[in-house]
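To start, the structure under review is shown below, and the notes come after it.
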């Protein structure tokens, strides 16, 4: 019988014959576990390998630096866009300035009601509490295969583990969710207000750089965009693995509603900084495609999510995307990136993730 050398939350490490031989669940009733993805089962070998030789302290591997300072992103009151010309112009400059320097900002008076956000959070929590055996089946919710995703199938070491699950929903597919009317109607209501918000913000950002807004009107809509429901389960190895790996978004613009747990961080001036949650605000960040269209003026900032040990975290992200055939090409001279389609960009990302375990992104398309 192995010796119990560390118990953390609902996880027990068993030490036997000079090595960590077992990682087992404890303290959680089965009724509270049936909806959890099998992270420990799938990642067991990686966790054992990463923790071996560290001693009993789970957080001792030192592969991550969590000591990031909390910051308050630029906070922009969109209500000023409806005021006099001076207020409107100043608000637009603040949006453009944040996109240039941070790649992230927060907006209030955004037109998405707190009641709607609360309803969406409730429906989101309900669907994630579906037993894992059901929600992991193909065509769950009448959505296409791979709409439900969890972890990182390509992970080979601790740095690549992603302790999260998500429903990645192409908005036209929502219409097929007939058997889940409450979730469907709530998502439709959210999309109906967040899509015009994304268009409004992109119009402002385009105007500030003299980019023709007709380009976005012709190539982007709610029917080419995605919604992602995210859940970050309690993670007993939260000081060792990520909730969501560092990445940039392959979108034009992303709008996020996060809960008050915190954990979202972005790279600013070479350092990771935590984004302090604001219950009244939505988080907006620039995607890779807008960085390319702006010729690098607007920044698609790298960001990540840190998990929590004892509580779960939820967020919803709306990805404002073009159609796959849309050509991404900056009219600014000299161009930084070669011309490519959004479909080509997605194929390259999938290829890189499969071959090297990480997204390379825009650097593949530099001239």
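The values are calculated or read from the model by the stated rules, or taken from the named source; none is laboratory data. All of these numbers come straight from a predicted model, not from anything done at the bench. A quick note on method: Cβ atoms are made from the backbone with ideal geometry, for glycine too, and the neighbour counts reach across all protein chains shown.
Each residue in the stretch 33-73 was checked for being in a loop (DSSP other than H, G, I, E, B), surrounded by fewer than 14 Cβ atoms within 10 Å (Cβ to Cβ) and modelled with pLDDT of 80 or more, and 3 pass. Comparison of 226, 237, 213 shows that the only residue that is more than 28 Å from residue 143 (Cα to Cα) and either crowded, with 20+ Cβ neighbours inside 10 Å or touching a strand residue (DSSP E or B) at 6+ places or on another chain (Cβ under 6 Å) (or both) is 237. Does any residue of the stretch 1-13 turn out to be touching a helix residue (DSSP H, G or I) at 6+ places or on another chain (Cβ under 8 Å) and at pLDDT 90 or above? The answer is no, given that none of the residues of the stretch 1-13 is touching a helix residue (DSSP H, G or I) at 6+ places or on another chain (Cβ under 8 Å) and at pLDDT 90 or above. Within the stretch 123-148, the set of residues being within 19 Å of the chain's Cα centre (by Cα) and outside any loop (DSSP other than H, G, I, E, B) comprises 123, 124, 125, 127, 128, 148. All of (1) within 30 Å of residue 124 (Cβ to Cβ); (2) touching a helix residue (DSSP H, G or I) at 6+ places or on another chain (Cβ under 9 Å) hold for residue 308 with one exception: (2). Restrict the check to the stretch 336-346 and report whether at least one residue is assigned to a strand (DSSP E or B), surrounded by fewer than 19 Cβ atoms within 10 Å (Cβ to Cβ) and under 19 Å from the mean Cα position of the chain (by Cα). Taking every residue of the stretch 336-346 in turn, none turns out to be assigned to a strand (DSSP E or B), surrounded by fewer than 19 Cβ atoms within 10 Å (Cβ to Cβ) and under 19 Å from the mean Cα position of the chain (by Cα). The criterion of being closer than 30 Å to residue 93 by Cβ and touching a helix residue (DSSP H, G or I) at 6+ places or on another chain (Cβ under 8 Å) does not hold for residue 194.
Has the stretch 348-355 got at least one residue that is touching a strand residue (DSSP E or B) at 6+ places or on another chain (Cβ under 7 Å) and either in a helix (DSSP H, G or I) or surrounded by 19 or more Cβ atoms within 10 Å (Cβ to Cβ) (or both)? Within the stretch 348-355, not a single residue is touching a strand residue (DSSP E or B) at 6+ places or on another chain (Cβ under 7 Å) and either in a helix (DSSP H, G or I) or surrounded by 19 or more Cβ atoms within 10 Å (Cβ to Cβ) (or both). The requirement of being at pLDDT below 95, in a strand (DSSP E or B), farther than 28 Å from residue 266 by Cβ and over 28 Å from the mean Cα position of the chain (by Cα) is fulfilled nowhere in the stretch 74-94; no residue meets it. Please indicate, with yes or no, whether at least one residue in the stretch 263-272 is touching a helix residue (DSSP H, G or I) at 6+ places or on another chain (Cβ under 8 Å), crowded, with 22+ Cβ neighbours inside 10 Å and either without any contact (Cβ under 8 Å) to a residue 12 or more places away in the chain or within 23 Å of residue 349 (Cα to Cα) (or both). Within the stretch 263-272, none of the residues are touching a helix residue (DSSP H, G or I) at 6+ places or on another chain (Cβ under 8 Å), crowded, with 22+ Cβ neighbours inside 10 Å and either without any contact (Cβ under 8 Å) to a residue 12 or more places away in the chain or within 23 Å of residue 349 (Cα to Cα) (or both). Note on the stretch 356-365: residues that are part of a helix (DSSP H, G or I) and modelled with pLDDT of 90 or more amount to 5.
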